[in-house]
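Encoded as structure tokens, the structure appears first; notes follow it.
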Amino acid sequence: MPRPPATLPDFWTALAHAAGPLPSAAIVDAVIDGLDGGALHPGDVLPSSRALAAGLGVARNTVIAAYDTLAAMGVTATVPGSGTRIAPGTDRFAHAMHAAPAPRREEEAPSDTWETSLVPGVPDVTLIDERRWRRSWRHATALPPTTSAAPHVAALQEALAVHLRRRRAVRASPHDLRLFPGVNPALAAIAGELGAPIAVETPGYRRAFDAFRATGNEVVGVPVDADGLVVDRLPRRRCLVYTTPAHQYPTGVRLSMARRLDLVDWARETGGVIVEDDYDGEFSYDVAPLPALQTLAPDHVVYLGTASKALTPQLRLAWAAVPESLRGLPHAGHGSSAGVDGAAASMLAHFLDSGAWDAHVARAARTYGARRAAVRRALAEHLPDALVLGADAGLHLTVDLGSEAALGAATATLARHRHRVTTLAEHALTDGDVADTALLLSFALIPETRAAAVIALLGA
């Protein structure tokens, strides 16, 4: 015999007293949590939509939407004359969902022998709100099956257009946005479409170098100084320029406003195209973020973004806001197995639309800001003569120790203590372009309580 229906006074009490408007997703979460915790079991009868709406003080449509979602997930089944029941086997489903956390840190994988990654590019995925993360994935998996990723792509284009305009002042319609399964496929596609020589920052993003070289186009290096890309050293001809202006990778400097204007003038004079990689532009400290280059010249700038640094590298999604001259650029692999994952696109669209992205970035920025401050205090104490760059934004600092000997000793000590690190010289386009005296130090995974101990190793 099935158990009696869960009544509002016992199972639904906490939900009924929740502060603020109650969305349908909260009802879905309550059922999943109840199954996981044993408050609900397969065969249980849920209250009628009318009774539950009255008990929770919400519109009946809110409950109906929640019940529809649960049915689409296979959690419930409606039997004529018997109401809505929890379907058989769904307790195991709920246990599995709760056992599947947000992606783990890279260094926590069993095959990884390093204790802590100090290499840029690895965010702290434990900062992700797992409930909201799972909710967005449930939304994506509850959508009806399709033979094409197009509906999922369209949903993410709509969500990104609003998000980029609001947070980064990027002017782009949904039809201006192209999706890719990562930054490198985006760079290769853009370079292939343009078919022009490519200028890149040096030191710069090594994977971008490799992606551009693979196109067969000419690739030239342009130096970076304290104000960012040295625009005067750009070729005086049409080409593609790849730059990371918000937080130059790897030095961490910001492209000054004067240089931004010079770069835009160069593009207009030569007909060149700028690829602006805003890889960690969501995070800024102490100073207001400068406007995206795309806002200054949307007709000459490709704005490139990704979920990798704000959320997790495992979410293989990147986007490009393209100017009119590149409107023919397709989504990478669209319509093929090598293309954009439709479920991931719908998941991210929901994560953006629901406010989960904004909440996550706000929380993460506070945590990263505190970790950055702890690392800077430790650097001032243990390495007062070191030159520290890139503290205004992003998730890493560049620490120049002043000599190759000091850098060699520091990296060796870090390695002995199983701290993975990379140096600035490793990111030069050509060997010898950059003095081998500085290391890159990501603070994303350094708890405040460990900052002093980690930094002390640099001067040991």
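The values are calculated or read from the model by the stated rules, or taken from the named source; none is laboratory data. Quick caveat: nothing in here was measured; it's all calculated off a predicted structure. Ideal geometry is used to build each Cβ from the backbone, glycine not excepted, and the neighbour counts take in all protein chains shown. To get the accessible areas, we keep the full protein, side chains included, count just its heavy atoms, and leave off ligands, DNA and RNA. Shrake-Rupley method; radii C 1.70, N 1.55, O 1.52, S 1.80 Å.
Between E381 and D431, with labels modelled 7 Å along Cα→Cβ, what's the label distance in nm to one decimal, could you check?
Using points 7 Å along Cα→Cβ, the separation is 4.0 nm.
Mind listing the phi-derived Karplus ³J(HN,Hα) values for segment 308-325, rounded to whole Hz, using 6.51, -1.76 and 1.60 with θ = phi - 60°, and x for any glycine or proline?
5, 8, 6, 10, 7, x, 6, 8, 7, 9, 9, 9, 9, 8, 9, x, 4, 5
Can you compute the charge dipole magnitude of the chain about its Cα centre, using +1 on each Lys and Arg Cβ and -1 on each Asp and Glu Cβ, nothing else charged? Give it in debye, rounded to the nearest 20. Can you show the working numbers first?
Working: 42 positive and 48 negative charges, 228 e Å.
The calculated dipole for the chain is roughly 1100 debye.
Once the piece of chain linking E448 and R363 is laid out straight, how much longer is it, given 0.36 nm per residue of separation minus the C-alpha distance between them?
On the way: separation 85, 0.36 × 85 = 30.60 nm, distance 1.54 nm.
Length difference between fully extended and current span is 29.1 nm.
When all protein chains stay in place, what accessible area (Å², nearest 10, 1.4 Å probe) is found for L383?
Around 30 Å² of this residue is reachable by solvent.
D385: net charge of surrounding residues, Cβ under 15 Å, Lys/Arg +1, Asp/Glu -1, itself excluded?
-1
Return the FRET efficiency for the residue pair H417, D68: r is the Cβ-Cβ distance, R0 is 60 Å, and the value is rounded to the nearest 0.05. Can you show the working numbers first?
Values: r = 53 Å, r/R0 = 0.89.
It comes out at approximately 0.65.
Just checking my list (i) 0.92; (ii) 1.18; (iii) 1.11 against Cα Rg over 2.2 N^0.38 Å computed from this structure; which label fits?
This structure yields the entry labelled (iii).
Would you check the accessible area of R254, probe 1.4 Å, heavy atoms only, in square angstrom rounded to 10?
Result for R254: roughly 60 Å² accessible.
Of Y285, S148, H396, which is farthest along the charge dipole of the chain in the positive direction, counting Lys and Arg as +1 and Asp and Glu as -1 at C-beta?
Towards the positive end, the residue furthest out is S148.
Counting each DSSP H run of 4 or more residues in the chain as -39500 (n - 2.57), what helix-only mean residue ellipticity at 222 nm follows after dividing by all residues, to the nearest 500 deg cm²/dmol? Display every interim value, and only then the final one.
Numbers: 15 runs with 178 residues, N = 460.
Rounded to the nearest 500, the figure is -12000 deg cm²/dmol.
Under 5 Å between amide hydrogens, which residues at least 5 positions from A393 or on another chain qualify, with H placed 1.01 Å from N in the peptide plane?
Y285
Positive end of the dipole of segment 252-367, charges at C-beta (+1 Lys, Arg; -1 Asp, Glu), about the Cα centre: which of P313, G271, L255 has its Cα farthest in that direction?
Highest projection toward the positive end goes to P313.
List the residues whose amide H sits under 5 Å from the amide H of I198, counting only those 5 or more places along or on another chain, with H placed 1.01 Å from N in the peptide plane.
Placed amide hydrogens put E218, V219, V220, L240 under 5 Å from I198.
Assuming 0.36 nm per residue, please report the length gained on full extension of the stretch R327 to R213 beyond their Cα-Cα distance. Please report the intermediate quantities before stating the final value.
Values: separation 114, 0.36 × 114 = 41.04 nm, distance 2.35 nm.
The span from R327 to R213 would gain 38.7 nm if fully extended.
How would segment 125-358 be classified by its alpha-carbon gyration tensor: rounded, prolate or oblate, with rounded meaning a/c under 1.5 and the a/b versus b/c comparison settling the rest?
Numbers: a/c = 1.95, a/b = 1.50, b/c = 1.30.
Prolate, since a/c reaches 1.5 and a/b exceeds b/c.
If I stretch the segment between M257 and D225 completely, what's the gain in nm (0.36 nm per residue apart, minus their alpha carbon distance), one decimal?
Values: separation 32, 0.36 × 32 = 11.52 nm, distance 1.40 nm.
Gain on stretching M257 to D225: 10.1 nm.
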